[in-house]
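A short reminder: the numbers here are calculations on the coordinates, not readings from a lab. This is a predicted model, so every value here is computed, not measured. Please note: Cβ atoms are built from the backbone with ideal geometry, for glycine as well, and neighbour counts cover all protein chains shown.
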Amino acid sequence: MSQRQQCPRCLRPQSVCLCPSLGHCVSRHKVTILRHPSEAKSAKGTAHLCSLVLEGCTLVDGETDTDFADLRASLNRENRPVWLLYPDEDATPLESMGSDCQPGHLLVLDGTWKKVHRMLQLNPWLQSLPKVSFGELPQGNYQIRKARRADSLSTLEAVAHALPRIDRCDTAPLLTAFEALKQSQLAHMPESIRQRYE
């Protein structure tokens, strides 16, 4: 039995390729997504999609300090502030930073809350970074994945809502790609399962 052909860019089967829906957006800020290895093959994951649409967005798979050694070395060579996008009591509201703030480097953790928590525990250097978060939480619309926490956003949604608060960039192409992913997933779910998500 032959395997379904996969698009080399969006990594989805050719029959449900999302490339026609992938636009392009640019920000003054760099974005690096630290993706838990278990998310790498998830059809519902949004990190890879985000890296395709957002210029300057890098994807790094890993969990431990060793996995992120090259990233840490790269960050140490940069002459720009580094922030961790994470909902913490001491996090600076993105809204207070303004769209003209100094260009920085935004790190975003990708995984379930449990896995993201473990990534933080295994990487004290991440915990020591200045944290930024939303003063007013955007409304999430991650229909295709269940989440127990009210402040759950997909990685792509988090980036798409965070950047306009610290830049004048238009992140509509990210949300367009996200919508295409959702509709593709919903269209191929059995009716009985789709009703749970709709």
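With the cut-off at 1.5 for a/c, could you classify the range 3-63 from its C-alpha gyration tensor as rounded, prolate or oblate? Please list the in-between numbers first.
On the way: a/c = 2.99, a/b = 1.26, b/c = 2.37.
Oblate shape, in that a/c is at least 1.5 and b/c is the bigger or equal ratio.
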Order these by the 10 Å Cβ neighbour count, fewest first: ASP70, ASP110. ASP70, ASP110
Using helices alone, what [θ] at 222 nm do you get for the chain, with -39,500 (n - 2.57) per DSSP H run of 4 or more residues, divided over all residues and rounded to the nearest 500? -9500 deg cm²/dmol
Charge dipole (debye, nearest 20) of the chain; +1 at Cβ of Lys and Arg, -1 at Cβ of Asp and Glu: 660
From the gyration tensor of the Cα coordinates in the range 18-168, what semi-axes in whole Å does the equivalent ellipsoid have, largest first, with each one equal to sqrt(5λ)? 20, 19, 17
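Cut-off is 10 Å between beta-carbons; in what order do LEU85, LEU18 appear when sorted fewest neighbours first?
On the way: LEU85 22, LEU18 19.
Lowest count first: LEU18, LEU85.
Taking every DSSP beta bridge with both residues inside the chain, roughly what % is antiparallel (nearest 5)?
On the way: 1 of 21 bridges.
Roughly 5 percent of the beta bridges in the chain run antiparallel, per DSSP.
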